[in-house]
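The next block holds one structure in the form of structure tokens; read it before the comments.
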Amino acid sequence: MSLSKRIIKETQRLAEDAVPGISAVPHDDNLRYFDVTIDGPSQSPYEGGVFKAELFLPDDYPMTPPKIRFLTRIYHPNIDRLGRICLDVLKSNWSPALQIRTILLSIQALLGAPNPDDPLANDVAQAWKQDEQAAIQTAREWTEKHAKP
Amino acid sequence: MVDDEPSIRFASAAHRQPRLLVRLLQCPQCSKPFNAPVHLPCGDTVCRACLPSARPRTHVSYPNTPDRLQSIVCPLPACGAEHAAAECCLDVTMNKLMELIELEMSKYRLPIGDTPTRLIEKLAQEDSTKVGEKEMEPELGHERVLHGGRLLATFTMAQMGELRYNSEVEYSSVQSSNLQLDEQQYEYESLDIAFLVQLQEAAGEVTNCLVCYNMMLDPTTTACGHTFCRRCLTRVMDHSNICPLCRRDLHVPASLQNKPSNRRLSSLLDLLCPEILADRLAALKTEEQPGNETLDTPLFVCTLALPTMPTFLHVFEPRYRLMMRRCMDGNKRFGMVMYNRTGAPQGNLGPTHFLEYGTMLEIVNHELLRDGRSFVEARGVGRFKIQDHGMLDGYIVGRVEKVEDVSLSEEQDAEQGETSGSHEYATRFLAANPDIPLPFGVALDSMPTQELLDFCMRFVNDMRRASAPWLSQKIVQVYGEPPANDPALFPYWFACVLPINEEEKYRLLQTTRVRERLKIVKTWIERIQNQRR
């Protein structure tokens, strides 16, 4: 399967013009499969953590969104225990004018702004709503435990 | 002007066709370089200020969004149609391009020294003698001495408002203070070319399609003013009907069939970047082909289709919309294969999610619905076996090998062998066991091919007399009368109308002998008859 010009260009730009706090490196043997790291945003309970994720560009990308999943465990109401992410631009609000870079930035922004009203991990969202401070503390502990490089 | 060699096309656009290039940047209405260009539904472009104001539309009630109930009469004489105000939007790409071009022009104007050219505006016929105006002296064109080579000088003249859209320009040399005339000629040409390179770079920056990241090919502009390759926009419309950039509802037929391209942008890119576009077209040809060029058959994984028989499809999945479009642009053929429901290994292919034998279909009727779905009527033209497969833009493509019946002589040999062999066996069997019916396989083998067909046809006729619902008039209308005289095709017809599961019918696709197929059909009939007893 040949790689589209778009994927080649996106990959080049990700390498040449990297976004601070975000990296995405394709596998040598599968250029549609990327190892991703996202730094926890400052002022959030994820600050100081480096979160690993995997990103895959499906065959009809960019008509359909990239598939992305956290590999590092993270305590967040919109990310479940399998690392799946609840984010509109990864699903119904995807547009081919978006790209890997913008998607990763959106995910980083999601870490900075958890949305317990649209939960994927119900237990976490519950905890978040009942006692936000305690939930944030748990998120901080998880970051310490799982996401320290 | 015809360019013989691609290498001189570059220079010719800059030096020999400055008028052509500048005209593409001029508003056909006010003749000045575009200022806030608006893309019109008819495909052309005018300045926003040159657009007449919107007026309420009469006799229109659908769709009745407020901006569609206002209309703008197209100011261009070639069109003159009433455009919905909602569809006359700032052409974002063209606007950016104009900004960049003007910036380049002004940067360029500074360092050029004394490089004069005389430009004489040659008015077009209709401009010099305007109908309906008072009898006047025929108007004369403007005349200027301007610097910086022909291209910049021509653009400058347009900026000054002294070059009408339809006018031509006559250039002549003017002695400059520091150069000989022949040196001057050379100097100007290099000025033009250097300037054109700048323009090309400017164009390259803003005319990349945001879907494919290539230079726009057949640029097509949405009602919201965003431009994409026609192909890219069409593919986006397979998935949703909103603009990828601003998410506005686009209300276009998904095929974009009747939507004009952005003519200005298209001609500009043709003139400025012919090489890039040629490369792009060449690349596209390979891109749309499967990566491996032998995987040349698109495969639709859906249902059972049979040779010579019609197949009706409702195409709604984005990937298959794309596949159908490509088929319609190509040889109108695609392979139909069934799902592998049991997950059984498929020969050399392993446990694929589809079965390895299929039917090649040719589209006979393709009815595209407004929302991009389509109804397809296709007819089976042959059978195949998949040798290898891959993916292309979400659908399966394969390298297939034709499956054909053996030669007639081989067919006859088989009939001879089977019937005579089992006839002998049957004689001996009946002599020994006069009261026991022949084993089914022996009875089947002993029947001549014609008798097999006659048996099947008798069944069909009996069932029709008994008004079997699967042989109703409607069904016969769709699939035709049974091919009563063609034992090779009869089984396909029969399989089409008979309500049994598709996996059973699939066996027909693997056969290479007419007898084999008829024997399969006969076993179905016997089973049905036994059930009815």
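The values are calculated or read from the model by the stated rules, or taken from the named source; none is laboratory data. The structure displayed is predicted, hence computed values, not measured ones. With ideal geometry, Cβ positions are generated from the backbone for all residues, glycine too; neighbour counts draw on all protein chains shown. Note: accessible area is taken over every heavy atom of the protein model, side chains too, but ligands, DNA and RNA are not part of it. Shrake-Rupley method; radii C 1.70, N 1.55, O 1.52, S 1.80 Å.
How large is the convex hull of the C-alpha atoms of the protein assembly as shown per residue, in Å³?
Details: hull volume 191.2 nm³, N = 682.
In the protein assembly as shown, the Cα hull volume divided by residue count equals 280 Å³.
Could you report the protein assembly as shown's accessible area per residue, 1.4 Å probe, as an integer in Å²?
Here the per-residue accessible area is 50 Å².
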Taking all protein chains in place and a 1.4 Å probe, what share, in percent, of the accessible surface of the protein assembly as shown do carbon and sulfur account for? 51 percent
If you consider only alpha-carbon coordinates, what radius of gyration and Dmax does chain A have, in Å? 15.6, 51
Does any residue of the range A:47-88 lose at least 20 Å² of accessible area with all protein chains in place compared with its chain alone, and if so which ones (probe 1.4 Å)? A:59, A:60, A:63
Suppose we compare each residue of the range A:1-40 in its chain alone and in the full protein complex with a 1.4 Å probe; which ones drop by at least 20 Å² of accessible area? A:1, A:2, A:5, A:6, A:9, A:13
Count the DSSP beta bridges whose two residues both fall in chain B, then state the antiparallel fraction as a percent rounded to the nearest 5. 95 percent
Need one value: the accessible area of residue A:89 in square angstrom, 1.4 angstrom probe, rounded to the nearest 10. 20 Å²
What is the ratio of the Cα radius of gyration of the range B:48-122 to 2.2 N^0.38 Å, with N the residue count, to two decimals? 1.74
Helix B:230-239: inclination vs chain B longest Cα principal axis, degrees, rounded to 10, gives 50 degrees
For a quick check of understanding: with a 1.4 angstrom probe and all protein chains in place, what accessible area in square angstrom does residue B:384 have, to the nearest ten? 0 Å²
Folded to 0 to 90 degrees: helix B:181-206 orientation relative to chain B principal axis, Cα: 50 degrees
Once residue B:193 and residue B:485 are pulled to full extension, the length gained, defined as 0.36 nm per residue separation minus their Cα-Cα distance, is 97.7 nm
So how exposed is residue B:401, as accessible area in Å² (1.4 Å probe, rounded to 10)? 100 Å²
Give me the angle, in degrees from 0 to 90, between the Cα long axis of helix B:92-109 and the longest principal axis of the Cα atoms of chain B, rounded to the nearest 10. 40 degrees
Just need the relative contact order of chain B here, percent rounded to a whole number, with Cα pairs under 8 Å and 6+ apart. 10 percent
Selected from B:442, B:229, B:105, residue furthest toward positive end of dipole (chain B; charges at beta carbon): B:442
Excluding residues fewer than 8 positions from residue B:122 in its own chain, the lysines with Cα under 30 Å of it are B:32, B:107, B:130, B:134
Kirkwood Rh in Å, taken over all unlike Cα pairs in the range B:318-424: 16.4 Å
How big is the gap, in Å, between the Cα center of the range B:320-383 and the Cα center of the range B:170-242? 41 Å
